[in-house]
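The next block holds one structure in the form of C-alpha coordinates; read it before the comments.
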Amino acid sequence: PAMSLGYGGFGGYSDPSLAFLYPSSYGVFGNMFRRMSIDEGEGLTEGYCAMFGAGKQITDALSVGAGVDLLYGRGDGSSYYAGAVLGAIYKTSWEKSFGSGFGVYRPAFGAAGFAGVPFGSHSDYADMSRPSAGYSFGFYRSPLLELSFRNEAAALHGYSDFSVSWGLESVIDRSWAVRLGGAYPAYSCGDLTFGLGYKFDARYFSASLDYA
(Lines give C-alpha, C1' and ligand atoms only; values in the text may rest on other atoms or scores of the structure.)
Protein backbone atom coordinates (compact mmCIF):
# COMPACT_ATOMS: atom_id res chain seq x y z
CA PRO A 1 0.00 0.00 0.00
CA ALA A 2 0.97 3.63 -0.42
CA MET A 3 -0.08 6.92 1.13
CA SER A 4 0.33 10.50 -0.10
CA LEU A 5 -0.18 13.65 1.97
CA GLY A 6 -0.24 16.99 0.19
CA TYR A 7 -0.83 20.64 0.96
CA GLY A 8 -1.17 23.59 -1.39
CA GLY A 9 -1.52 27.16 -0.27
CA PHE A 10 -1.17 30.72 -1.54
CA GLY A 11 -2.60 33.86 -0.03
CA GLY A 12 -6.17 33.06 1.00
CA TYR A 13 -6.23 29.71 -0.82
CA SER A 14 -5.50 26.34 0.83
CA ASP A 15 -5.83 22.79 -0.52
CA PRO A 16 -4.80 19.92 1.79
CA SER A 17 -5.24 16.39 0.42
CA LEU A 18 -4.81 12.78 1.52
CA ALA A 19 -4.65 9.77 -0.82
CA PHE A 20 -4.29 6.01 -0.39
CA LEU A 21 -3.39 3.30 -2.92
CA TYR A 22 -4.01 -0.42 -2.49
CA PRO A 23 -2.37 -2.75 -5.07
CA SER A 24 -3.95 -6.12 -5.79
CA SER A 25 -3.95 -8.84 -8.43
CA TYR A 26 -6.94 -7.08 -10.05
CA GLY A 27 -5.24 -3.68 -10.30
CA VAL A 28 -4.57 -0.71 -8.04
CA PHE A 29 -7.45 0.75 -6.04
CA GLY A 30 -7.29 4.21 -4.55
CA ASN A 31 -9.17 7.01 -2.86
CA MET A 32 -8.39 10.68 -2.31
CA PHE A 33 -9.88 13.38 -0.10
CA ARG A 34 -9.40 17.16 -0.48
CA ARG A 35 -10.54 20.24 1.35
CA MET A 36 -10.37 23.52 -0.58
CA SER A 37 -10.74 26.94 1.00
CA ILE A 38 -10.79 30.31 -0.77
CA ASP A 39 -11.06 33.53 1.22
CA GLU A 40 -13.52 35.95 -0.38
CA GLY A 41 -14.34 33.45 -3.13
CA GLU A 42 -17.23 34.17 -5.46
CA GLY A 43 -20.07 31.73 -4.89
CA LEU A 44 -17.96 29.03 -3.21
CA THR A 45 -15.56 29.65 -0.33
CA GLU A 46 -15.10 26.08 0.88
CA GLY A 47 -15.23 22.70 -0.83
CA TYR A 48 -14.84 19.03 0.08
CA CYS A 49 -13.90 16.55 -2.64
CA ALA A 50 -13.71 12.75 -2.58
CA MET A 51 -12.50 10.49 -5.38
CA PHE A 52 -12.62 6.70 -5.59
CA GLY A 53 -11.07 4.78 -8.47
CA ALA A 54 -9.02 1.90 -9.81
CA GLY A 55 -6.31 1.44 -12.42
CA LYS A 56 -4.98 -1.52 -14.35
CA GLN A 57 -1.79 -2.03 -16.35
CA ILE A 58 -2.92 -3.53 -19.67
CA THR A 59 0.51 -3.87 -21.28
CA ASP A 60 4.05 -2.88 -20.30
CA ALA A 61 3.32 0.57 -21.75
CA LEU A 62 -0.45 1.13 -21.42
CA SER A 63 -2.41 1.68 -18.20
CA VAL A 64 -6.08 2.65 -17.88
CA GLY A 65 -8.15 3.85 -14.95
CA ALA A 66 -11.67 4.87 -13.96
CA GLY A 67 -13.32 6.39 -10.92
CA VAL A 68 -16.04 8.55 -9.42
CA ASP A 69 -15.67 12.17 -8.29
CA LEU A 70 -17.82 13.87 -5.63
CA LEU A 71 -17.80 17.50 -4.48
CA TYR A 72 -19.68 19.44 -1.83
CA GLY A 73 -19.14 23.20 -1.78
CA ARG A 74 -20.57 25.97 0.33
CA GLY A 75 -20.47 29.74 0.44
CA ASP A 76 -23.49 31.71 -0.70
CA GLY A 77 -25.54 28.51 -0.49
CA SER A 78 -24.58 24.91 -1.18
CA SER A 79 -23.42 23.34 -4.45
CA TYR A 80 -22.68 19.76 -5.46
CA TYR A 81 -21.03 17.72 -8.20
CA ALA A 82 -21.18 14.01 -8.95
CA GLY A 83 -19.38 12.48 -11.91
CA ALA A 84 -17.11 9.85 -13.36
CA VAL A 85 -13.59 9.94 -14.76
CA LEU A 86 -11.90 7.71 -17.34
CA GLY A 87 -8.24 8.02 -18.29
CA ALA A 88 -5.27 6.29 -19.86
CA ILE A 89 -1.50 6.76 -19.95
CA TYR A 90 1.01 5.36 -22.42
CA LYS A 91 4.64 5.21 -21.25
CA THR A 92 7.24 4.62 -23.91
CA SER A 93 10.70 3.14 -23.42
CA TRP A 94 12.26 5.32 -26.15
CA GLU A 95 15.33 7.33 -25.21
CA LYS A 96 17.66 9.67 -27.07
CA SER A 97 20.80 11.01 -25.38
CA PHE A 98 22.46 14.25 -26.51
CA GLY A 99 25.44 13.87 -24.20
CA SER A 100 26.44 15.23 -20.77
CA GLY A 101 23.27 13.78 -19.26
CA PHE A 102 20.84 15.70 -21.50
CA GLY A 103 18.38 14.06 -23.86
CA VAL A 104 14.78 12.90 -24.23
CA TYR A 105 14.03 10.03 -21.88
CA ARG A 106 10.93 7.82 -21.80
CA PRO A 107 8.16 10.15 -23.05
CA ALA A 108 4.67 9.44 -21.71
CA PHE A 109 1.29 10.52 -23.09
CA GLY A 110 -2.00 10.67 -21.22
CA ALA A 111 -5.62 11.71 -21.58
CA ALA A 112 -8.60 11.84 -19.22
CA GLY A 113 -12.25 12.81 -19.32
CA PHE A 114 -14.30 14.03 -16.35
CA ALA A 115 -18.07 14.01 -16.93
CA GLY A 116 -20.73 14.71 -14.35
CA VAL A 117 -23.66 16.78 -13.17
CA PRO A 118 -23.28 19.96 -11.06
CA PHE A 119 -26.28 21.20 -9.11
CA GLY A 120 -27.14 23.51 -6.26
CA SER A 121 -27.16 27.28 -5.77
CA HIS A 122 -23.85 27.86 -7.64
CA SER A 123 -23.62 24.86 -9.96
CA ASP A 124 -21.42 26.73 -12.46
CA TYR A 125 -18.64 27.01 -9.84
CA ALA A 126 -18.99 23.33 -8.89
CA ASP A 127 -18.76 21.98 -12.46
CA MET A 128 -15.66 19.76 -12.61
CA SER A 129 -16.42 18.24 -16.04
CA ARG A 130 -13.48 18.57 -18.41
CA PRO A 131 -11.39 16.69 -20.96
CA SER A 132 -7.62 16.95 -20.68
CA ALA A 133 -4.52 15.60 -22.42
CA GLY A 134 -0.82 15.94 -21.79
CA TYR A 135 2.67 14.55 -22.06
CA SER A 136 5.89 14.33 -20.05
CA PHE A 137 9.50 13.38 -20.62
CA GLY A 138 12.83 13.45 -18.83
CA PHE A 139 15.47 15.76 -20.25
CA TYR A 140 18.41 15.32 -17.87
CA ARG A 141 19.62 12.52 -15.64
CA SER A 142 22.67 11.65 -13.59
CA PRO A 143 23.26 9.29 -10.66
CA LEU A 144 22.10 12.04 -8.28
CA LEU A 145 19.66 14.22 -10.25
CA GLU A 146 16.79 13.73 -12.73
CA LEU A 147 14.91 16.56 -14.48
CA SER A 148 11.58 16.22 -16.32
CA PHE A 149 9.05 18.44 -18.11
CA ARG A 150 5.25 18.11 -18.12
CA ASN A 151 2.60 19.86 -20.22
CA GLU A 152 -1.20 19.56 -20.14
CA ALA A 153 -4.18 21.22 -21.83
CA ALA A 154 -7.78 21.12 -20.59
CA ALA A 155 -11.19 22.49 -21.55
CA LEU A 156 -13.12 23.91 -18.59
CA HIS A 157 -16.59 25.23 -17.73
CA GLY A 158 -18.43 23.52 -20.55
CA TYR A 159 -15.68 24.22 -23.12
CA SER A 160 -16.04 27.96 -22.55
CA ASP A 161 -12.52 28.20 -21.06
CA PHE A 162 -9.26 26.52 -21.96
CA SER A 163 -6.18 26.16 -19.79
CA VAL A 164 -2.61 25.12 -20.59
CA SER A 165 -0.36 24.16 -17.70
CA TRP A 166 3.31 23.23 -17.56
CA GLY A 167 5.68 21.93 -14.92
CA LEU A 168 9.33 21.20 -14.22
CA GLU A 169 10.36 18.57 -11.70
CA SER A 170 13.78 17.75 -10.30
CA VAL A 171 14.25 14.53 -8.33
CA ILE A 172 17.30 14.42 -6.09
CA ASP A 173 18.70 11.09 -4.92
CA ARG A 174 15.41 9.41 -5.97
CA SER A 175 13.71 10.77 -2.86
CA TRP A 176 13.52 14.59 -2.79
CA ALA A 177 11.59 16.57 -5.39
CA VAL A 178 11.57 20.27 -6.29
CA ARG A 179 8.80 21.46 -8.62
CA LEU A 180 7.94 24.62 -10.54
CA GLY A 181 4.80 25.10 -12.62
CA GLY A 182 2.36 27.53 -14.14
CA ALA A 183 -0.90 27.87 -16.03
CA TYR A 184 -2.28 30.09 -18.79
CA PRO A 185 -4.59 31.94 -18.94
CA ALA A 186 -4.10 33.40 -15.48
CA TYR A 187 -6.65 32.64 -12.80
CA SER A 188 -6.85 33.95 -9.25
CA CYS A 189 -5.00 31.00 -7.63
CA GLY A 190 -2.26 28.66 -8.77
CA ASP A 191 -1.06 30.58 -11.83
CA LEU A 192 2.56 30.07 -10.77
CA THR A 193 3.44 27.35 -8.29
CA PHE A 194 6.49 26.11 -6.43
CA GLY A 195 6.58 22.85 -4.53
CA LEU A 196 8.68 20.41 -2.54
CA GLY A 197 8.22 16.70 -2.04
CA TYR A 198 9.71 13.68 -0.32
CA LYS A 199 9.13 9.99 -1.13
CA PHE A 200 9.82 7.12 1.24
CA ASP A 201 9.95 3.52 0.02
CA ALA A 202 10.01 0.44 2.24
CA ARG A 203 9.56 -3.20 1.38
CA TYR A 204 5.79 -3.31 1.91
CA PHE A 205 4.82 0.34 2.10
CA SER A 206 5.59 3.69 0.47
CA ALA A 207 4.62 7.24 1.37
CA SER A 208 5.06 10.72 -0.05
CA LEU A 209 4.76 14.24 1.33
CA ASP A 210 4.14 17.20 -0.98
CA TYR A 211 3.86 20.94 -0.41
CA ALA A 212 3.08 23.59 -3.03
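The values are calculated or read from the model by the stated rules, or taken from the named source; none is laboratory data. The structure presented is a predicted model; accordingly, all values stated were derived computationally and were not measured. Cβ sites come from the backbone with ideal geometry, for glycine too, and all protein chains shown count toward neighbours. Heads up: the accessible areas ignore ligands, DNA and RNA and are worked out on the full protein's heavy atoms, side chains in. Shrake-Rupley method; radii C 1.70, N 1.55, O 1.52, S 1.80 Å.
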Relative contact order of the stretch 106-212 (C-alpha contacts under 8 Å, at least 6 apart) in percent is 16 percent
Efficiency by 1/(1 + (r/R0)^6): what FRET value for Tyr90 and Tyr13, r their Cβ-Cβ distance, R0 = 45 Å, to the nearest 0.05? 0.85
Could you give the dipole magnitude of the chain about its Cα centre, charging the beta-carbon of Lys and Arg +1 and that of Asp and Glu -1, in debye to the nearest 20? 880 debye
Within 12 Å, Cβ to Cβ, of Ala212, how many net charges do the neighbouring residues add up to if Lys/Arg are +1 and Asp/Glu are -1? -2
At a threshold of 8 angstrom on Cα-Cα distance, excluding pairs fewer than six apart, so keeping six or more, what relative contact order does the chain reach in percent? 14 percent
Quick one: go through the stretch 73-112 and flag any residue whose amide nitrogen is under 11 Å from the point 7 Å out along the Cα-to-Cβ line of Asp124. none
Report, to the nearest whole %, how much of the accessible area of the stretch 1-154 belongs to carbon and sulfur atoms, 1.4 Å probe, protein only. 64 percent
